[in-house]
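Here's the structure we're looking at; comments come further down.
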Amino acid sequence: MMLDAFAQDVIKGLTAENKFLSSKYFYDDNGSRIFQEIMNMPDYYLTDAEFEILSLQSGKIIDALKFSGPFNIVELGAGDGFKTFKLLEYLVTKEIDFYYVPIDISQEAIDVLNKNLKDRLPSLKIKPKVGDYFEILKDNRKSKYPSLLLFLGSNIGNYPDQKSNELLNLLNKNMKSGDKLLIGFDLKKNPITIHNAYFDKYGITKRFNLNLLLRMNKELGADFKIDDFDFYCHYNPLTGDVKSYIVSLRKQIVNIEALKIKVDFEYNELIWTELSRKFAIKDINDMAIQSNFKLNHNFLDCKHYFTDSLWEK
């Protein structure tokens with residue numbers, strides 16, 4: 001039997017000496033819904049900061065593109081499109097000629113986004129796509145129009161150094177000369193502000209992480225008992241790394257039927273689930289150079305918590 005990528009990664013992660021699971025598997029339909037709750041938390045500043053940038057600086061962003069005719073806006077991991085709406089609304093109101101291509105791995109997220117945008121911006125030209133955005137992006141080079149790629153929400157912070165460089169180089173490779181990339185970076189700031197955003201008192205981030213176990217129960221026939229696990233995260237202000245973990249509360253064995261494996265957990269053993277890196281402005285400039293981009297402008301919110309950085313191939 002051929003195992004899908006999720007199954008293969010579960011085997012790899014849960015049989016490793018230091019257990020881990022990739023954060024990209026958070027976003028099944030249920031995970032996507034829980035993430036909407038996270039974005040609405042008062043302490044989760046990232047959404048509001050980026051929303052402010054895209055709401056108040058839409059005109060400046062579009063002017064900075066310097067596209068002379070029709071263009072594409074290709075959004076990677078579009079989700080519910082909440083933040084992007086203000087940018088799209090500005091373009092539609094100004095009657096600027098463009099196509100919006102939202103890409104997401106969740107069919108439900110794309111369906112909801114498509115319906116909402118058609119209701120609110122009926123004249124918007126939208127071509128939604130579901131799947132892995134690197135596969136879909138290959139078509140971008142064939143487009144006769146220049147493109148603005150959106151990689152928002154500090155998604156780049158989920159990748160370690162080497163992986164983020166690989167990803168940015170892959171984006172660059174699938175762009176045409178003169179294409180632009182608007183990429184979100186969460187900036188280093190008061191560690192307490194960051195801690196409160198990721199280790200919330202409402203337990204929503206805990207549910208988001210433990211949903212990974214529910215997903216394995218549902219899709220792989222695992223028998224994780226959710227009450228036997230907890231959640232912990234830690235921010236290191238020197239490295240800028242937030243690391244999240246699922247904690248086994250007792251010594252236990254979990255059977256994963258579809259994979260024909262049993263996984264041993266020690267008392268208080270960890271599963272590393274997510275890295276969320278925070279950046280200094282110098283880090284962002286260095287990353288652009290290393291991946292063959294030119295940094296054109298950093299658009300900052302009023303508190304300087306976050307930046308949407310405009311890069312050019």
Worksheet item: Name the residues in segment 223-240 that are touching a strand residue (DSSP E or B) at 6+ places or on another chain (Cβ under 9 Å) and not in a loop (DSSP other than H, G, I, E, B), would you?
Response: D228, F229, D230, F231, Y232, C233, H234, Y235, N236
Response to the item:
Those residues of segment 201-244 which are hydroxyl-bearing (S, T, Y) and over 23 Å from R277 (Cβ atoms) amount to Y202
Practice prompt. Quick one: E50 ticks every box in (1) charged (D, E, K, R); (2) assigned to a helix (DSSP H, G or I); (3) open to solvent by 60 Å² or more (accessible area, probe 1.4 Å) except a single one, so which number is it?
Written response: (3)
Worksheet item: Just wondering, is there one or more residues in segment 166-178 that are in contact with a Ser or Thr (Cβ under 9 Å, 6 or more places away or on another chain), assigned to a loop (DSSP other than H, G, I, E, B), open to solvent by less than 10 Å² (accessible area, probe 1.4 Å) and of a type outside the set (S, T, Y)?
Response: yes
Worksheet, complete the sentence: The residue from L167, L148 that alone is in contact with a helix residue (DSSP H, G or I) (Cβ under 8 Å, 6 or more places away or on another chain) and without any contact (Cβ under 8 Å) to a residue 24 or more places away in the chain is L167
Practice prompt. Answer yes or no: is there a residue in segment 206-229 that is within 27 Å of L300 (Cα to Cα) and either open to solvent by 10 Å² or more (accessible area, probe 1.4 Å) or not β-branched (V, I, T) (or both).
Written response: no
Item to complete: Working only within segment 93-116, note down all residues that are open to solvent by less than 70 Å² (accessible area, probe 1.4 Å), of a type in the set (S, T, N, Q) and assigned to a helix (DSSP H, G or I).
Response: N114, N116
Practice prompt. Residue by residue through segment 264-278, note down the ones that are surrounded by fewer than 20 Cβ atoms within 10 Å (Cβ to Cβ) and not hydroxyl-bearing (S, T, Y).
Written response: D264, E266, N268, E269, L270, W272, L275
Response to the item:
Expected single match for assigned to a helix (DSSP H, G or I), at pLDDT below 90, surrounded by 13 or more Cβ atoms within 10 Å (Cβ to Cβ) and touching a helix residue (DSSP H, G or I) at 6+ places or on another chain (Cβ under 8 Å) among F85, F134 is F134
Discussion item. Pull out all pairs, ordered by first then second residue, where Cβ-Cβ is under 6 Å, the residues are six or more apart or on different chains, the first lies in segment 25-51 and is over 14 Å from S154 (Cβ atoms) and among the charged types (D, E, K, R), and the second is modelled with pLDDT under 95 and surrounded by fewer than 18 Cβ atoms within 10 Å (Cβ to Cβ).
Written reply: D29/E108
Discussion item. Given the condition touching a residue at least 12 places away in the same chain (Cβ under 8 Å), assigned to a strand (DSSP E or B), among the charged types (D, E, K, R) and in contact with a strand residue (DSSP E or B) (Cβ under 8 Å, 6 or more places away or on another chain), answer yes or no: does some residue in segment 244-255 qualify?
Written reply: no
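The values are calculated or read from the model by the stated rules, or taken from the named source; none is laboratory data. None of the values given here were measured: they were computed from a predicted structure. Here the Cβ is made from the backbone with ideal geometry for all residues, glycine too, and neighbour counts use every protein chain on show. Please note that ligands, DNA and RNA were not included when accessible areas were found on the heavy atoms of the full protein model with its side chains. Shrake-Rupley method; radii C 1.70, N 1.55, O 1.52, S 1.80 Å.
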